[in-house]
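Report on the following structure.
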Amino acid sequence: MAAEDSIILDSAEATQFYGKAWADTCRAGDVIALYGVLGSGKTQLVKGLAEGLGFDGDVTSPTFTIVHEYIGGRLPLYHLDLYRLESVEDALRAGMDDYIPSDGVTVIEWPDRVLPLLPAHTRHFTIEVASLNERLIRPGASTSA
């Protein structure tokens, strides 16, 4: 699976499986930016990534806590959900700079709020709702998501 290829996934389970497959390509210091509307499957993808990295606990959206740390796998996974933040300053006050750079993989939902803070090596992906169950995952940033 090449990171630059778009793919249509037909279920939440397929989205998780795709995330799990990503884990093989992840290295310490990686940053992944996920764009998509509410309910598009961003957290489902992170669940699979966490499983692929060897984390076997519950993975949930950090919408209200801003960040969840998943430790105990091949690499730590830091899952940030910036939906409730409005600015770079809000993100810095929330401690986002503690996770970039990091000793693990940092995944950021709603990254459009902090584009100036993202390193050049950030991998950007957009998840689009294609139908009730289908999701289109494509590489590249989208500031309209």
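Every read-out reported here was derived from the displayed coordinates using simple, explicitly stated rules and does not represent laboratory data. Predicted, not measured: the structure shown is a model, and the values here were computed from it. Virtual Cβ from ideal backbone geometry, glycine too; neighbours counted across all protein chains shown.
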Counting only C-alpha contacts under 8 Å and six or more residues apart, can you give the relative contact order of segment 7-139 as a whole percent? 35
Counting other C-beta atoms within 10 Å, which of Leu9, Leu38 has the fewest, and how do the rest follow? Leu38, Leu9
Choice from Leu80, Leu115, Leu53 showing the highest fluctuation, given a GNM over the chain with Cα pairs closer than 10 Å: Leu115
At a Förster radius of 25 Å, what calculated FRET efficiency corresponds to the Cβ-Cβ distance of Asp98 and Asp24, to the nearest 0.05? 0.45
Among [x] 1, 7, 11, 13, 13, 11, 9, 7, 7, 6, 5, 4, 3, 2, 1, 0; [y] 2, 11, 21, 25, 22, 13, 5, 0; [z] 2, 9, 16, 18, 16, 12, 7, 5, 4, 4, 3, 2, 2, 1, 0, which one is P(r) over Cα pairs in 5 Å bins from 0, in percent computed from these coordinates? [y]
Taking the chain and counting helices only, DSSP H stretches of n ≥ 4 at -39,500 (n - 2.57) each over all residues, the nearest-500 ellipticity at 222 nm comes to -5500 deg cm²/dmol
